[in-house]
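To start, the structure itself, in structure tokens.
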């Protein structure tokens, strides 16, 4: 239940849906981190996706369906690549907060059923 509340809180984090201030992290910034050759930036991307993935798994274990079904043999590297490509191909999400691009990306890349 706590994981479900965390995801709901993340989705409602930005009422307008856009990162409005210059200091706000946007999905385009997240994409740059995932593309970066700098270890710290890339590790931020990996850790962010690991956190979202763990939250998704926790919500599913609690009995809630959120429309994301990871393959059993998926690696974090494959998830980083898939999410990075999805965000790159969907520029309408670039001005949103990362979570508002990552969750739809995961849902499209790893749908259930």
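At a glance:
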read-out	value
Label-point separation, residue 81 to residue 64 (7 Å along Cα→Cβ), nm	3.1
Spin-label pair residue 73/residue 24, simplified geometry with 7 Å Cα→Cβ offset, distance in nm	4.2
Inter-label distance, nm, simple model (7 Å from Cα along the C-beta direction), residue 38/residue 88	2.0
The range 50-113 pair-distance distribution - Cα-Cα, 5 Å bins, rounded %	3, 18, 30, 26, 16, 6, 1
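Each reported figure results from applying straightforward, stated rules to the coordinates on display, with no laboratory input. What you are looking at is a predicted structure, and each value in this text was computed from that prediction instead of being measured. Note that each Cβ is placed from the backbone with ideal geometry, even for glycine, and that neighbours are counted across all protein chains shown.
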